[in-house]
Amino acid sequence: WSVTKEGGGQVNVTDNKFTMPASNVTVSAIFSLIPTLTTPTNLSVSNLSCSGVTLAWDKVDGASSYQLIRTNKSTSSPIPTQVDQKDNPSVYCTLSAGTSWSWTVQAIGDGLTYNSSEVATGEDFTLHYHLRRKWRNNCWR
């Protein structure tokens, strides 16, 4: 933005503040839209076991973090998680066996350079109980 004095002349601006001179001034500002981040893509579920799952998606350029929300389908209880892994976004979630889940992820912008993306919805998944009762890798199998 700029400040000009009628008839020319200098108006000092310090820390985005100026003192009004005795004569008329014109204040001009140019605003630009902050772009919105692209929506995360290629959401995937892997390493599904009786105790957890890995959720992953493609990196979104410009994202400062990601907001992951897992929702227990039987209780409709959402569990929000901030994911700070910008270059290889994924997270292992420890969950209870016998539960079904839905999940969403959103790329979070810093609000200055980028606005946050739309929310992307991943494929639902269920952690099953295993009938075989052998303990291996921190899980009954």
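Of the residues making up region 67-86, those that are over 17 Å from Ser116 (Cα atoms) and under 17 Å from the mean Cα position of the chain (by Cα) are Arg70, Thr71, Pro78, Ile79.
Can you tell me which residue within region 101-130, out of those that are assigned to a strand (DSSP E or B) and polar (S, T, N, Q), is nearest to Ser49 (Cα to Cα)? Among residues in region 101-130 that are assigned to a strand (DSSP E or B) and polar (S, T, N, Q), the one nearest to Ser49 (Cα to Cα) is Thr126. Of the residues Asn24, Asn16, Asn47, Asn42, the single one that is closer than 30 Å to Thr113 by Cβ, out of contact with any Leu (no Cβ under 9 Å at 6 or more places or on another chain) and at pLDDT below 90 is Asn16. Screening region 48-100 for strands (runs of 3 or more DSSP E) wholly inside it with 2 or more residues that are open to solvent by 40 Å² or more (accessible area, probe 1.4 Å) returns the ranges 65-72, 77-83, 90-94.
Scanning region 101-117 for residues that are more than 15 Å from Leu68 (Cβ to Cβ) and either open to solvent by less than 20 Å² (accessible area, probe 1.4 Å) or in contact with a Ser or Thr (Cβ under 6 Å, 6 or more places away or on another chain) (or both) turns up Gly109, Asp110, Asn115.
The values are calculated or read from the model by the stated rules, or taken from the named source; none is laboratory data. Given the structure is predicted, the values throughout are model-derived calculations rather than measurements. Note that we place each Cβ from the backbone using ideal geometry, even for glycine, and neighbour counts take in every protein chain shown. These area figures cover heavy atoms from the full protein model, side chains too; ligands, DNA and RNA do not enter into them. Shrake-Rupley method; radii C 1.70, N 1.55, O 1.52, S 1.80 Å.
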